[in-house]
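Structure, as structure tokens:
The values are calculated or read from the model by the stated rules, or taken from the named source; none is laboratory data. All of these numbers come straight from a predicted model, not from anything done at the bench. Don't worry about glycine lacking a Cβ; one is built from the backbone with ideal geometry, like all the others, and counts go over all protein chains shown.
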Amino acid sequence: METFWFIALTFMLIMYVVLDGFDLGAGIIHLIAAKSDEDRRTILKSIGPVWDGNEVWLIAAGGLLYFAFPKLYASSFSGFYLPLIMVLWLLMLRGIGIELRGHIDNKMWKSFWDVVFSGASILLAIFLGAALGNVVRGVPLNAEGYFFEPLWTTFTVVPQSGILDWFTVLMGLVALFTLTVHGANYVALKTENKVQEKAQTISKNAAWLVILTSVLALIATNLVRPQIWVNYSSNPLGFLFIFVALSGAVGIIYFRVKVNDLLAFLSSAAFIAAMGAATAFALYPIVLPASTDPNFSLTIYNTAAGEYGLKIGLVWWTIGITLAIGYFSFLFYFFRGKVNLKTEEY
């Protein structure tokens, strides 16, 4: 049961990054790909029907964490208290930026909320990458399984590290460029004319930054946490995730050159999903490594709820995930095709 819930948690987090990732990416390129109010409304309308629904996956993953791995939930939410509050504010600012920009027909008002929306999207992408970097690098867990990290200390990878150091900042840049490409591919898929052409150009240029930072992050990970390859040596099937990730990276560039927006978007989605799965495979059964003493690491076994709770949770999770997948399938099908400003506002 513990392994199943680990896979389920990984799946839900990957779904969040893939789906809300293109929302964040649309926000990242919002000020670059669109200069006029009409173009910016076009980008907002491309994500309008789905952006808030996509965030449900993050809430659902938090709920799953709460009932399946309660000790991991307690430790993470106390140790990462400061960055989690910052992420909460950034999520709110994104929603406020989308909602309030259209309430007053004033250029300065709209520009202000456009900057808020785009800035919050950029910082959220960086924080998501830094969070993954903390999980890969490890945190200063004590013998009771708890920790506290300041925002930063010396910016070096040490046992008593902060949230931000050179490694987690590098991971933040990987996330920023990856979601920039993912969002640009989505905007190119959903729009036409100037906005589509600008999004295609951003995707093409940023793809090389994704490859560069990903290679640097792979080298850095090997230096910071060489144990990351242990599971791959014992089970070579894990290299399938790496192969899919590489194929996705190649697909982003190839299909962008071929001007195939749909396959370019699917390639960036595959790259994100495979990289997430590859990281989870490398960590298993650890869910939060300790940078202080490996024996203090949190695993799926020492953080899981009781067997009865996990079995009951399986029933409700199955019902919930079926409804969620059905709803999102209908949502994306219903709002398929290019956006049109002449129809109802976002």
Item to check | So residue 264, is it free of Cβ contacts under 8 Å to residues at least 40 places away in the same chain, touching a helix residue (DSSP H, G or I) at 6+ places or on another chain (Cβ under 7 Å) and either aliphatic (A, V, I, L, M) or surrounded by 11 or more Cβ atoms within 10 Å (Cβ to Cβ) (or both) | outcome: no
Next on the checklist: Could you tell me how many of the residues in the stretch 132-153 are surrounded by fewer than 18 Cβ atoms within 10 Å (Cβ to Cβ), in contact (Cβ under 8 Å) with a residue 60 or more places away in the chain and of a type outside the set (Gly, Ala, Ser)?
Outcome noted: 5
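Is it the case, given these coordinates, that residue 187 is of a type in the set (Val, Ile, Thr) and at pLDDT below 95?
no
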Checklist entry - Can you tell which of 168, 201, 178 is of a type in the set (Val, Ile, Thr), in a helix (DSSP H, G or I) and without any contact (Cβ under 8 Å) to a residue 12 or more places away in the chain? => result 201
Item to check | Residue check for residue 282: within 24 Å of residue 232 (Cα to Cα) and within 26 Å of the chain's Cα centre (by Cα) | outcome: yes
Checklist entry - Does the stretch 123-142 contain any residue that is at pLDDT 90 or above, outside any loop (DSSP other than H, G, I, E, B), polar (S, T, N, Q) and out of contact with any helix residue (DSSP H, G or I) (no Cβ under 7 Å at 6 or more places or on another chain)? => result no
Checklist entry - Within the stretch 102-131, restricting attention to residues that are among the charged types (D, E, K, R) and surrounded by 14 or more Cβ atoms within 10 Å (Cβ to Cβ), which residue is farthest from residue 48 (Cα to Cα)? => result 110
Next on the checklist: residue 251 - would you say it is buried (at least 18 other Cβ atoms within 10 Å of the Cβ), out of contact with any Cys (no Cβ under 7 Å at 6 or more places or on another chain) and without any contact (Cβ under 8 Å) to a residue 24 or more places away in the chain?
Outcome noted: yes
Item to check | Contacts under 7 angstrom Cβ, first residue in the stretch 42-65 being of a type in the set (Gly, Ala, Ser), partner in a loop (DSSP other than H, G, I, E, B), 6 or more apart | outcome: 46/191; 46/339; 48/346
Checklist entry - Any residue in the stretch 301-309 that is over 16 Å from residue 229 (Cα atoms), among the β-branched types (Val, Ile, Thr) and either at pLDDT below 90 or more than 22 Å from the chain's Cα centre (by Cα) (or both)? => result yes
Checklist entry - For residue 196, which of the numbered conditions (1) crowded, with 24+ Cβ neighbours inside 10 Å; (2) more than 22 Å from residue 289 (Cα to Cα) fails to hold? => result (1)
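Each row is one residue, and each column tells you yes or no for (1) without any contact (Cβ under 8 Å) to a residue 24 or more places away in the chain; (2) surrounded by fewer than 20 Cβ atoms within 10 Å (Cβ to Cβ).
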{"position": "218", "(1), (2)": "yes, yes"}
{"position": "222", "(1), (2)": "yes, yes"}
{"position": "228", "(1), (2)": "no, yes"}
{"position": "256", "(1), (2)": "no, no"}
{"position": "260", "(1), (2)": "yes, yes"}
{"position": "277", "(1), (2)": "no, no"}
{"position": "297", "(1), (2)": "no, no"}
{"position": "302", "(1), (2)": "no, yes"}
Next on the checklist: Against the definition (crowded, with 18+ Cβ neighbours inside 10 Å, more than 17 Å from the chain's Cα centre (by Cα) and more than 24 Å from residue 51 (Cβ to Cβ)), how does residue 68 come out, yes or no?
Outcome noted: yes
Checklist outcome for this item: Only one of (1) of a type in the set (Phe, Trp, Tyr); (2) within 30 Å of residue 197 (Cα to Cα); (3) surrounded by fewer than 17 Cβ atoms within 10 Å (Cβ to Cβ) does not apply to residue 77, and that is (2)
Checklist entry - Restricting the search to the stretch 86-114, which residues are outside any helix (DSSP H, G or I), closer than 20 Å to residue 28 by Cα and either of a type outside the set (Gly, Ala, Ser) or in contact with a Leu (Cβ under 7 Å, 6 or more places away or on another chain) (or both)? => result 101
Next on the checklist: I'd like to verify a number: residues in the stretch 51-81 that are farther than 17 Å from residue 285 by Cβ and among the polar types (S, T, N, Q), how many?
Outcome noted: 2
Checklist entry - Only one residue in 234, 267 is closer than 20 Å to residue 18 by Cα and of a type outside the set (Asp, Glu). Which one? => result 267
